[in-house]
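In what follows, a single structure is set out as structure tokens and then discussed.
We did not get these values from a lab; they are worked out from the coordinates using the rules stated. Since this is a predicted model, take the numbers as computed values, not measurements. Reconstructed Cβ throughout: ideal geometry from the backbone, glycine too, with neighbour counts over all protein chains shown.
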Amino acid sequence: METELSQQLGIEHAIFGFTPFPAVAAAITRAGGFGVLGAVRYTAPADLARDLDWMQEHTDGKPYGLDVVMPAKKVEGVSEADVEAMIPPGHRQFVREALAKHGVPALAEGEPSGWRITGWMEEVARNQLDVAFDYPIRLLANALGSPPADVVARAHDRGVRVAALAGSARHARHHADAGIDIVVAQGYEAGGHTGEIASMVLVPDVVDAVGPLPVLAAGGIGSGEQIAAGLALGAQGVWLGSLWLTTEEADLHSRALTAKLLAAGSGDTVRSRALTGKPARQLRTEWTDAWDDPAGPGTLPMPLQGLLVADALSRIQKYETPALLGTPVGQIVGRMNTERPVQAVFDDLTRGFERAVDRINRIAGRSAS
Ligand SMILES: Cc1cc2nc3c(=O)[nH]c(=O)nc-3n(C[C@H](O)[C@H](O)[C@H](O)COP(=O)(O)O)c2cc1C
């Protein structure tokens, strides 16, 4: 599955895999794709260095990348404590009541919250970059807007390509103007933060808007046939996030959550602000329902919502509270029905791609005769 971009990057298959788990990212790279490690949860630079050391040892010298979350708008001189102080007491009370209703125990005294997502803070993301640029990463991806000009320049000085996610042609053009090398056109079906335009409409829009810049199709891709569709729409590769969550290498820390993902149908996700304050697709649970209920207090804007719910999400995950347990995931969850190694997923993707190409070739042959 080669394209101009995959050839330039020296990968066998034009399949890019976003994942928060180093073992998954390394396995994607080893399987001939391009593993991209999500850095948003690494608040301590030493932890990121440890995992990049591990990636370096487990990728057989093949290319991999890093994804940071650097918001387009910088908030000057505001600390995490300042942001915490802006959370209304009524919202904190709502969280306490929601957890009490389901009997979710508290974390132990001083136990760190694994969900604390401060990687969105520019300072944290810049610390991550200081670490990452010491490693031979080949791609730096950014969610939530174009990275700042100095970051793009720093990456380019080191021969690192820069990718950014876009949910509309307008976003994509903005990235192109900011000197980004690869645009990830991520549709409404996708897990995580998403816009409102479905991949089938978005991908050709973005290809037209930024061509000849390479575009990766993202959102709702879980089979080789869907990869073929993305490439047919003009993409030079695909970018998958959800599909890896049920691989054997993924470390979700919760068997109950894996079981929920395996059982979920394509209609069991919701695009909700409950997680971060910006619309993000995730499993629909009683927790997301409570936040989306007009009778409740409603969600707070990013970054307040993320800080408000961080400890609660850690508690829900630790105690595996079934009704509340969730994760970002896209509509493709309906096809994530077995737990398999990354290599087996790749084998399936490449076989499905070949089937799709054969089918199209047969149709083309019939049309020509
Ligand atoms: C669990 C999860 C976490 C994600 N976190 C991030 C993130 O931190 N940064 C980012 O750029 N994209 C993130 N995404 C979005 C992915 O990069 C990707 O665009 C998306 O998953 C593609 O759609 P799909 O889920 O249908 O495969 C996340 C997706 C999932 C499923």
| Which ordering of Met336, Met86, Met1 is given by a fewest-first count of other beta-carbon atoms within 10 Å? | Met86, Met1, Met336
| message | Could you tell me what a quarter of the Cα convex hull surface of the stretch 101-259 works out to, in nm² with one decimal place? | response | 12.4
| Which of the peptides 275-283, 49-57 is most tightly packed, and how do the rest follow, going by the mean number of other Cβ atoms within 10 Å of each residue? | 275-283, 49-57
| Likely footprinting exposure, Asp311, Asp289, Asp157, Asp67, fewest C-beta neighbours within 10 Å first | Asp157, Asp289, Asp311, Asp67
| request: Treat the count of other C-beta atoms within 10 Å as a stand-in for reagent exposure and order Val203, Val270 from fewest to most. | output: Val270, Val203
| remark: Rounded to 0.05, the calculated FRET efficiency for the beta carbons of Glu354 and Glu111 at R₀ = 45 Å is 0.40
| field | Within the chain, helix-based [θ] at 222 nm, where runs of 4 or more DSSP H residues each add -39,500 (n - 2.57), nearest 500 | value | -12500 deg cm²/dmol
| field | Shape parameters for the chain, alpha-carbon atoms, Rg then Dmax in Å | value | 20.2, 74
| query | With charges set only on the Cβ (+1 for Lys and Arg, -1 for Asp and Glu), what does the dipole of the chain come to about its Cα centre, in debye to the nearest 20? | reply | 720
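Show me 15-28, 291-304 ranked by packing, highest mean number of other Cβ atoms within 10 Å first. Each step should come with its number before you reach the end.
Details: 15-28: 25.4, 291-304: 15.1.
Going by the mean number of other Cβ atoms within 10 Å, highest first, we get 15-28, 291-304.
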| note | Rounded to one decimal in nm, the spacing of the 7 Å Cα→Cβ label points at Val78 and Glu339 is 4.0
| How would you rank 129-142, 174-187, highest first, on the average number of other Cβ atoms within 10 Å across their residues? | 174-187, 129-142
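Quick one: compute the contact order of the chain, relative version, from alpha carbon pairs under 8 angstrom and 6+ residues apart, as a percent. Provide the component values of the computation, followed by the final result.
Values: 728 pairs, mean separation 66.7, N = 369.
Once divided by the residue count of the chain, the mean separation gives 18 percent.
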| note | Reduced to Cα centres, the span from the stretch 191-214 to the stretch 221-274 in Å works out to 18
